[in-house]
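These notes are about the structure you will find just below.
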Amino acid sequence: GSSDVCSSDLLAATICVGGLWHHLRWNYFPRDDLGLFTTEANQPVCVQAVVLSHPKLRPAPPINPLRAIRLGPMSETVVEIEQVRDGQTWRHAAGLCKLRIAGEAADIQAGDRLLIFAKLGRQPPILNPGQYDWKRAERGERRNCELYCTEPECVSILQPKTSRGLSRWKDNFRKWCARWLQHYVGPDASG
């Protein structure tokens, strides 16, 4: 009866709204999104950003004789860009960005406002059929670029988060658990 028609109309409307939401989320970014001005070639940049989660320390990959440069441990987090430096002037910028720091970024916590000197780039497109598409995965998370710091000293805290909210407590607990795991399991298996 009429309840079947209402149910099918409701289902069709829900599917249309979901499709519109996906289209807007995938294709439309703010005009000042830093990722829209990023190339695949890394370029030096200075930005101010807010940390969205406590950095996770990734252990150094195993030694590979095919890799010319040995990689060390890497800290990773996601930041929300606020400003980018253009010469002597700070310009408003926006967007989410993955921040990777060579080494351990022990002092950084969620909510901290940072000054970052880094290399700015974006994920390269896939080169081989069947290869995992990192660029597509990052875009799905609304991140069109990434920052890479060669040293932990390239990142400084401009303003620590002052409130002791639930997110800060969760980050502190996560950090304690990660240290505990690394201590008792070992750095190679703790990741």
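What number of residues within the stretch 131-150 are closer than 16 Å to GLN43 by Cα and not aromatic (Phe, Trp, Tyr)? If you could, list the steps in order and put the result at the bottom.
Initial filter on the stretch 131-150 (closer than 16 Å to GLN43 by Cα): 144-150.
Now restrict to residues that are not aromatic (Phe, Trp, Tyr): 144-147, 149-150.
Of the residues in the stretch 131-150, 6 are closer than 16 Å to GLN43 by Cα and not aromatic (Phe, Trp, Tyr).
Condition first: touching a Lys or Arg at 6+ places or on another chain (Cβ under 6 Å), open to solvent by less than 50 Å² (accessible area, probe 1.4 Å), outside any strand (DSSP E or B) and over 15 Å from CYS149 (Cβ atoms). Can you find one or more residues in the stretch 57-64 that meet it? Don't jump to the end; show me each part of the working.
Filtering the stretch 57-64 for residues touching a Lys or Arg at 6+ places or on another chain (Cβ under 6 Å) gives none.
No, because not a single residue in the stretch 57-64 is touching a Lys or Arg at 6+ places or on another chain (Cβ under 6 Å), open to solvent by less than 50 Å² (accessible area, probe 1.4 Å), outside any strand (DSSP E or B) and over 15 Å from CYS149 (Cβ atoms).
Please go through the stretch 32-56 and pick out each residue that is of a type in the set (A, V, I, L, M) and either modelled with pLDDT under 85 or part of a helix (DSSP H, G or I) (or both).
Restricting attention to the stretch 32-56, the residues satisfying the condition of being of a type in the set (A, V, I, L, M) are 34, 36, 41, 45, 47, 49-52.
LEU34, LEU36, ALA41, listed by residue number.
So PHE29 fits all but one of (1) in contact (Cβ under 8 Å) with a residue 40 or more places away in the chain; (2) more than 30 Å from ARG179 (Cα to Cα); (3) open to solvent by 60 Å² or more (accessible area, probe 1.4 Å); (4) in a loop (DSSP other than H, G, I, E, B); what number is the exception?
With respect to (1) in contact (Cβ under 8 Å) with a residue 40 or more places away in the chain; (2) more than 30 Å from ARG179 (Cα to Cα); (3) open to solvent by 60 Å² or more (accessible area, probe 1.4 Å); (4) in a loop (DSSP other than H, G, I, E, B), PHE29 is out only on (3).
If I ask for residues that are open to solvent by 70 Å² or more (accessible area, probe 1.4 Å) and charged (D, E, K, R), which ones from the stretch 65-86 would you list?
Answer for the stretch 65-86, where residues must be open to solvent by 70 Å² or more (accessible area, probe 1.4 Å) and charged (D, E, K, R): ARG67, ARG70, GLU80, ARG85, ASP86.
I'm checking my understanding of the structure. Among residues of the stretch 95-115 that are in contact (Cβ under 8 Å) with a residue 60 or more places away in the chain and open to solvent by 20 Å² or more (accessible area, probe 1.4 Å), which one is nearest to LYS175 (Cα to Cα)?
At the first step, the residues of the stretch 95-115 found to be in contact (Cβ under 8 Å) with a residue 60 or more places away in the chain are 95, 97, 109-115.
Cutting the leftovers down to open to solvent by 20 Å² or more (accessible area, probe 1.4 Å) gives us 109, 111, 113, 115.
On the way: GLN109: 9, GLY111: 15, ARG113: 19, LEU115: 22 Å.
Taking the candidates together, the pick is GLN109.
Restricting attention to the stretch 94-145, which residues are in a strand (DSSP E or B), of a type in the set (D, E, K, R) and closer than 22 Å to ALA178 by Cβ? Before you say what the answer is, go through the steps one by one.
So in the stretch 94-145, the residues in a strand (DSSP E or B) come out as 94, 96-103, 113-121, 143-145.
If we keep only those that are of a type in the set (D, E, K, R) too, we end up with 98, 100, 113, 119, 143.
Within the stretch 94-145, LYS98, ARG100 meet the criteria.
Given the criteria free of Cβ contacts under 8 Å to residues at least 40 places away in the same chain, in contact with a strand residue (DSSP E or B) (Cβ under 8 Å, 6 or more places away or on another chain) and farther than 19 Å from GLY121 by Cβ, does GLY19 qualify? I'd like the intermediate steps shown before the answer.
Values: free of Cβ contacts under 8 Å to residues at least 40 places away in the same chain: yes; in contact with a strand residue (DSSP E or B) (Cβ under 8 Å, 6 or more places away or on another chain): no; farther than 19 Å from GLY121 by Cβ: yes.
In short, no.
I'd like the residue in the stretch 159-173 that is among the polar types (S, T, N, Q) and closer than 16 Å to LEU114 by Cα and, out of all such residues, is modelled with the highest pLDDT.
Taking the stretch 159-173 and keeping what is among the polar types (S, T, N, Q), we get 159, 162-163, 167, 172.
Within this subset, residues satisfying the condition of being closer than 16 Å to LEU114 by Cα are 159, 162.
Numbers: GLN159: 88, THR162: 62.
Among residues in the stretch 159-173 that are among the polar types (S, T, N, Q) and closer than 16 Å to LEU114 by Cα, the one modelled with the highest pLDDT is GLN159.
Go through (1) touching a Pro at 6+ places or on another chain (Cβ under 6 Å); (2) in contact (Cβ under 8 Å) with a residue 60 or more places away in the chain; (3) assigned to a loop (DSSP other than H, G, I, E, B) one by one and return the number of the condition SER75 breaks.
(3)
Give the residue that is nearest to GLY140 (Cα to Cα), with candidates limited to residues of the stretch 83-93 that are out of contact with any Phe, Trp or Tyr (no Cβ under 9 Å at 6 or more places or on another chain) and not in a loop (DSSP other than H, G, I, E, B). Quick ask: steps written out before the conclusion?
Our first condition is that a residue be out of contact with any Phe, Trp or Tyr (no Cβ under 9 Å at 6 or more places or on another chain); within the stretch 83-93, this holds for 85-92.
Now restrict to residues that are not in a loop (DSSP other than H, G, I, E, B): 85-86, 89-92.
Details: ARG85: 27, ASP86: 28, THR89: 32, TRP90: 29, ARG91: 26, HIS92: 24 Å.
Among those that are out of contact with any Phe, Trp or Tyr (no Cβ under 9 Å at 6 or more places or on another chain) and not in a loop (DSSP other than H, G, I, E, B), it is HIS92.
Specify which of the listed residues (TRP134, TRP169) is more than 29 Å from ARG70 (Cβ to Cβ), open to solvent by 50 Å² or more (accessible area, probe 1.4 Å) and either out of contact with any Ser or Thr (no Cβ under 8 Å at 6 or more places or on another chain) or not acidic (Asp, Glu) (or both). If you could, list the steps in order and put the result at the bottom.
Values: TRP134 fails: more than 29 Å from ARG70 (Cβ to Cβ).
Step by step, each of TRP134, TRP169 is checked, and only TRP169 is more than 29 Å from ARG70 (Cβ to Cβ), open to solvent by 50 Å² or more (accessible area, probe 1.4 Å) and either out of contact with any Ser or Thr (no Cβ under 8 Å at 6 or more places or on another chain) or not acidic (Asp, Glu) (or both).
The values are calculated or read from the model by the stated rules, or taken from the named source; none is laboratory data. Computed from a predicted model, the values in this text were never measured in an experiment. Every residue, glycine as well, gets a Cβ built from its backbone with ideal geometry; the counts of neighbours run over all protein chains shown. To get the accessible areas, we keep the full protein, side chains included, count just its heavy atoms, and leave off ligands, DNA and RNA. Shrake-Rupley method; radii C 1.70, N 1.55, O 1.52, S 1.80 Å.
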